[in-house]
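Structure first, commentary second.
Please treat every number below as a calculation from the coordinates, not as lab data. Keep in mind the model is a prediction, meaning the values are calculated, not measured. No Cβ is skipped: glycine too gets one built from the backbone with ideal geometry, and neighbour counts run over all protein chains shown.
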Amino acid sequence: MPDSPDLSQRLLAQLRFPCGDVPEPGDIKNVAPGIYWLRMPLPFQLNHINLWLIEEKDGWTLVDTGINSQATRDLWEKIFAGKLGGKPLTRVVGTHLHPDHIGLAGWLCERWNAPLFMTLGEYMSAIAARNDFIDAEEVRAAHLLRNGVPAEKIPLFHRHKGGYAKGVVPLPTAFQRLIHAHPITLGGHRWDVIVGRGHAPEHASLWCPELNVLIAGDQVLPKISTNVGVWPNEPLADALTWFLDGFSRFRRLPADALVLPSHGFPFVGLHTRLDQLVAHHDARMTDMTNAIARLGSQGATGWDMVPVLFPRHLDNNQIVFAFGETLAHLHCLETRARVTRTVIDGVHRFVALLDPNVQPPIDDSDSDVMDIGPT
């Protein structure tokens, strides 16, 4: 949810942003030895994605690709013509399956005869999503009804059918697998693969100890909290617990690492940002627990809790991701034994296990609105 301007500024003031202005469209900007930043537009409320080029002796490695759109392709043509020094793309790395990250992977890999690197979970999930194997309308409808969505609202969620395939060109039929804790060599340096869950099945971030650089993808963003949702194909997933547990893998990195996120600006202050995100989600779960407790023994459905987590107008696109995020918070509360689940006439309801009159300390480490969209 949105912060007050003062709180947003206080949070950002705790981080350092050493890389200056955003590169112009179609341009690249050096941010670390052999690493270049470029930015592509997105047709969402979150209107951009950061991509990263790593210079090799004989070419370039690209981390993430941008969404499948003519605007993105045109900018790539501009970069090919004037920014790569005549060297080809020799490898494409996809951090995870979302369209802004691998939308043009197939196009780029075919154009440059370059291999695609992804984790197995992301590659197979992308194949399934693109072929509508995990998004059958009847499965989605049952999931929504089970969590309290009124029947007349369900068509709002069906409007997204086929959207993934529009944003992602067909992927290569073969790929090279990234595995957690198995390093790869990029630009002559060792990069450790760090897998996180919750936002995506097996999201890959890349850490270079020698350069003190983390390509974080969507796992750690400087101003917004990553969308963490529960979806119809995995209806009981504890996505938020998985996401927060994964922070332990990033806390092992130096506090002064340069973090290259997929959205926002490169920053220094990794441990501080992790603390902010934990506090943000803890505060949201306290809000939800108290709201549920005020309802007494009848409890609340996932649908009931959407306006508690997002007390503002949501458009038809945003409501889909907000609903998934709401379920993720409820499932985390269930794991933490702060609510219990009951099933009445096939509908899942959550009842608080904590006294609503016992308030925790006031949290002053909120985060900006999550990136509601397929990032």
| Around Gln176, which amide H atoms from residues at least 5 apart in sequence, or from another chain, sit under 5 Å from its own amide H, with H modelled in the peptide plane? | Leu116, Phe117, Met118
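DSSP loop chymotrypsin sites (Phe, Trp or Tyr not before Pro) in region 110-205 with at most 12 other Cβ atoms within 10 Å of their Cβ, which ones? Write out the running numbers ahead of the final one.
On the way: sites: Trp112, Phe117, Tyr123, Phe133, Phe157, Tyr164, Phe175, Trp191; in loops: Phe133, Phe175.
When the chymotrypsin sites (Phe, Trp or Tyr not before Pro) of region 110-205 are filtered for loop state and at most 12 Cβ neighbours within 10 Å, Phe133 remain.
Taking R0 as 45 Å, what's the FRET efficiency between Asp345 and Asn131 from their Cβ-Cβ distance, rounded to 0.05?
Values: r = 34 Å, r/R0 = 0.76.
In this case the efficiency is close to 0.85.
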| remark: Here the gain from full extension of Arg251 to Ala13, 0.36 nm per residue of separation minus their alpha-carbon distance, amounts to 83.7 nm
| note | Residues meeting the amide H criterion for Leu171 (H placed from the backbone, H to H distance under 5 Å, 5 or more places apart or on another chain) are none
| remark: For Leu84, other-chain or 5+-apart residues with amide H closer than 5 Å (H placed, Pro excluded) are none
| the chain - mean residue ellipticity at 222 nm from DSSP helices (-39,500 (n - 2.57) per run, n ≥ 4, rounded to 500) | -10000 deg cm²/dmol
| remark: Least to most buried among Met288, Met124, Met118, by other C-beta atoms within 10 Å and fewest first, runs Met124, Met288, Met118
| query | Can you tell which of Gly346, Gly167, Gly34 shows the greatest fluctuation in a Gaussian network model of the chain with Cα springs below 10 Å? | reply | Gly346
| request: Determine ³J(HN,Hα), in whole Hz, for all residues of region 22-34 in sequence, where each value follows from phi through the Karplus function 6.51 cos²θ - 1.76 cosθ + 1.60 and θ = phi - 60°; x replaces Gly and Pro. | output: 5, x, 5, x, x, 10, 10, 9, 6, 10, 6, x, x
| field | Choice from Lys83, Lys223, Lys57 with maximal GNM fluctuation in the chain (Cα, 10 Å cutoff) | value | Lys57
| note | Percent antiparallel among DSSP beta bridges confined to the chain, nearest 5, equals 70 percent
| query | Which order do Thr226, Thr340 fall in if you start with the one that has the fewest other Cβ atoms within 10 Å? | reply | Thr340, Thr226
| Lys pairs under 20 Å by Cα in region 11-268, provided they are eight or more residues apart or on distinct chains | 8
| Fewest to most neighbouring Cβ within 10 Å: what's the order for Ser248, Ser225? | Ser248, Ser225
| query | What are the ³J(HN,Hα) values, in whole Hz, obtained from phi via the Karplus relation 6.51 cos²θ - 1.76 cosθ + 1.60 with θ = phi - 60°, for each residue of region 56-67 in sequence order, with x given for Gly and Pro? | reply | 10, 4, 10, x, 9, 9, 10, 10, 6, 10, x, 7
| field | Inter-site label distance for Asp27 and Ala142 at 7 Å from Cα along Cβ, in nm | value | 5.4 nm
| Using θ = phi - 60° and the Karplus curve 6.51 cos²θ - 1.76 cosθ + 1.60, what whole-Hz ³J(HN,Hα) does each residue of region 124-130 get, with Gly and Pro shown as x? | 5, 5, 5, 4, 5, 5, 5
